Each structure stands twice: as C-alpha cells, then as structure tokens.
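Since the structure comes first, as structure tokens, the remarks are kept for the end.
The values are calculated or read from the model by the stated rules, or taken from the named source; none is laboratory data. In this text the structure is predicted, and so the values were computed from the model without any measurement. Glycine also receives a Cβ, built like all others from the backbone with ideal geometry; neighbour counts cover every protein chain displayed. For accessibility, only protein heavy atoms count, side chains too; no ligands or nucleic acids. Shrake-Rupley method; radii C 1.70, N 1.55, O 1.52, S 1.80 Å.
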Amino acid sequence: MLVKDFLKERKSSREFREKNLASDKLIEVERELIKASKKIDGKIGLRLILDGESIFEELNGYAGYSGVMIKSPHYVSVMDFTKSPGEKPLLAIGMEECVSALSKLDLASCYITLSDVPSDIMKKVFGIHGDRVPYLIAFGEAKSGFLNLENPTNSRLEISEIVFKDEKGTPVEQ
C-alpha cells in the first residue's frame, strides 16, 4: 500500500464524543491490540484503558501538546519493552499497527506524548512500570469529521503575513 493511500484511510481526531464505546466494539479493539502486539514480537505492550475520564484528570496539564491533554472516552497505553536503541523503530511500528486497527474499526485516534509527565504521576496512573509508558493513544468516535487528505485545509498564515521588518505592517523585501 502506498503511504498516500494509507494516510487517506486513517482516521485522526483530537476531539472525541464523550460516549463510551459499546462492549462488543471494545472487545474487537482488545483483539486487534493483541494482534498488533504479536506482529512485533511483544516488544511493546498495548493495553486498553476503559476509564478515560480518570486518565484525563490525572494527566491534564502534563501530557499531550504543551500539557493540553486530549480528552477521550478510552485510551491505549503503549508500553516499551525494547532492549536496545536498534529496536526503538518497533515502538513506532507497533503504534501504527494499533492506529491502523482502530481505523479499520471506524474509530478515530490521536497520539499523546507522555515525556513531560513527572514519574510519580506516571507510577500513580500506570503502576510500578509507569516509566515504560512513553505514549498513549486516545481513541473513540470523532466529534467532528476526520482529517481529510483529499481536501486539506490549512489555517496557517503565510510567512509574509506574520514577518515584518522593524515594525508591524512593514513587509520584509523578498
């Protein structure tokens, strides 16, 4: 599969409906997580977390994008069991396996970085091996539409609209 086609199929969102998924859907997710972990010889652990509210409350202010936590009804914790730097790409491969599996189940997802979360909070949230959880994957039903690569939009301003010489309104000559 071409990367472009893969990216078209994936469902990415940072806003999820505040509604728990049905138990049969969560069982499907659990099965897919087991398959994804096995594909990379168990070098990462993918654990389904049902209580998204408590995870959000504990990690808000530390995790995510500059401490802005992504609120989701459910999460997947990603445990790193790699032994050497050469195995680190397996972490990304396993996470992508998880995201692909969620997309196949018509669920949206979003990576959440945990690198700035203090170790005491990591242990409180994830237990004694909290230091082995570098990422979470938020997932659920998207609140709004998915990322659409066929009709991308970009709200960013052009450089000429934000860079000025000496004072605002004086454009930099190109």
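Observations on the model:
- Number of positions in the range 61-120 that are outside any strand (DSSP E or B), under 15 Å from the mean Cα position of the chain (by Cα) and hydrophobic (A, V, I, L, M, F, W, C): 13
- Unique residue being open to solvent by less than 80 Å² (accessible area, probe 1.4 Å), of a type in the set (D, E, K, R) and closer than 24 Å to residue 27 by Cβ when the list is 96, 53: 96
- Qualifying residue in the range 68-76 (condition: surrounded by fewer than 16 Cβ atoms within 10 Å (Cβ to Cβ) and either out of contact with any Pro (no Cβ under 6 Å at 6 or more places or on another chain) or closer than 19 Å to residue 14 by Cβ (or both)): yes
- Remark: pairs (first residue in the range 84-113, charged (D, E, K, R); second residue not in a helix (DSSP H, G or I); Cβ separation under 8 Å; 6+ apart in sequence or on different chains) = 87/43; 88/82; 97/40; 106/11.
- Every residue from the range 46-68 that is in contact with an Asp or Glu (Cβ under 8 Å, 6 or more places away or on another chain), at pLDDT below 95 and at negative phi: 62, 63
- Members of the range 118-147 that are of a type in the set (A, V, I, L, M) and closer than 30 Å to residue 106 by Cβ: 125, 133, 136, 137, 138, 142, 147
- For the range 146-164, the criterion of being exposed (fewer than 15 other Cβ atoms within 10 Å of the Cβ), of a type outside the set (Asp, Glu), at pLDDT 85 or above and more than 21 Å from residue 13 (Cβ to Cβ) is met by no residue.
- Residue match in the range 33-45 (condition: of a type outside the set (Gly, Ala, Ser), under 26 Å from residue 124 (Cβ atoms), surrounded by fewer than 20 Cβ atoms within 10 Å (Cβ to Cβ) and free of Cβ contacts under 8 Å to residues at least 24 places away in the same chain): no
- Residue within the range 94-111 that is among the β-branched types (Val, Ile, Thr) and under 20 Å from residue 39 (Cβ atoms) present: yes
- Residues that are within 13 Å of residue 98 (Cα to Cα) and in a strand (DSSP E or B), drawn from the range 23-52: 44, 45, 46, 47, 48
- Taking every residue in the range 52-66 that is under 16 Å from residue 130 (Cα atoms) and pairing it with any residue that is part of a helix (DSSP H, G or I), at least 6 positions away or on another chain, the pairs with Cβ-Cβ distances below 8 Å are 55/125; 58/121; 58/124; 58/125; 59/121; 59/125; 62/121.
- Hits in the range 1-42 (condition: modelled with pLDDT under 85, closer than 13 Å to residue 107 by Cβ and not basic (Lys, Arg)): 9, 12, 13
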